[in-house]
Amino acid sequence: MPINEAIIHPDAVRKELEKVVSSAAFQGAGRSGKLLRFLVERTVSGLGDQLKEYTVGTEALGRGEAFDPRTDSIVRVEASRLRTRLDLYHSSEGRIDAVRIVLPKGSYVPKFEWVTPDPSPVVAPDRTWFWKIA
């Protein structure tokens with residue numbers, strides 16, 4: 001899937017955000033949805049450079065000002081879960097979406113990509129078995 005590095009309008013990103021958080025991949029994942037919403041909104045508002053582990057822990061995950069990312073791994077754990085859910089979404093319901101929200105490893109700043117969708121359906125391999133009875 002070729003990816004276009006062109007600028008994506010914030011409205012297109014927000015529309016994609018709503019599709020993602022309302023998807024089956026994010027059902028019952030309130031914290032992941034809340035974290036994604038926080039990261040995307042900060043980034044499209046031009047504040048992506050402020051998305052550090054401490055800020056995410058205190059503001060997005062409600063850990064309070066005493067939060068110490070050296071002893072509390074909640075931000076790293078939730079970011080990893082979020083990446084997993086995004087991968088699940090993009091490989092299923094979001095497979096044909098033109099805009100993709102990606103959270104690169106080692107960063108809390110999401111990337112927004114134009115993607116050439118693959119409209120072909122995901123088909124399980126044929127598992128028809130024939131038994132020869134002698």
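What follows is calculated from the coordinates using simple rules that are stated; it is not laboratory data. Worth saying up front: this structure is predicted, and the values here are computed from it rather than measured. Cβ sites come from the backbone with ideal geometry, for glycine too, and all protein chains shown count toward neighbours.
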Gln50 neighbourhood, Cβ < 10 Å, K/R = +1, D/E = -1, net charge 0
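So if I place +1 on the C-beta of Lys and Arg and -1 on the C-beta of Asp and Glu, and nothing else carries charge, what would the dipole magnitude of region 27-125 be about its Cα centre? I want it in debye, nearest 20.
Roughly 140 debye, rounded to the nearest 20.
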Want the number for Val102 to Asp72: 0.36 nm per residue separation, take away the alpha-carbon distance, what's left? 8.4 nm
Please go through region 1-78 and write out the trypsin sites (Lys or Arg not before Pro) that DSSP classes as loop and that have at most 10 other C-beta atoms within 10 Å. Arg70
Given Cβ charges of +1 for Lys and Arg and -1 for Asp and Glu, the option among Val44, Gly64, Ser80 whose Cα lies farthest towards the positive end of the dipole of region 44-122 is Ser80
Give Lys15/Lys52; Lys19/Lys111; Lys19/Lys52 a once-over and call out the pairs whose C-alpha atoms are over 21 Å from each other. Lys15/Lys52; Lys19/Lys52
Inter-part gap, Cα centre of region 70-95 to Cα centre of region 29-65, in whole angstrom, is 13 Å
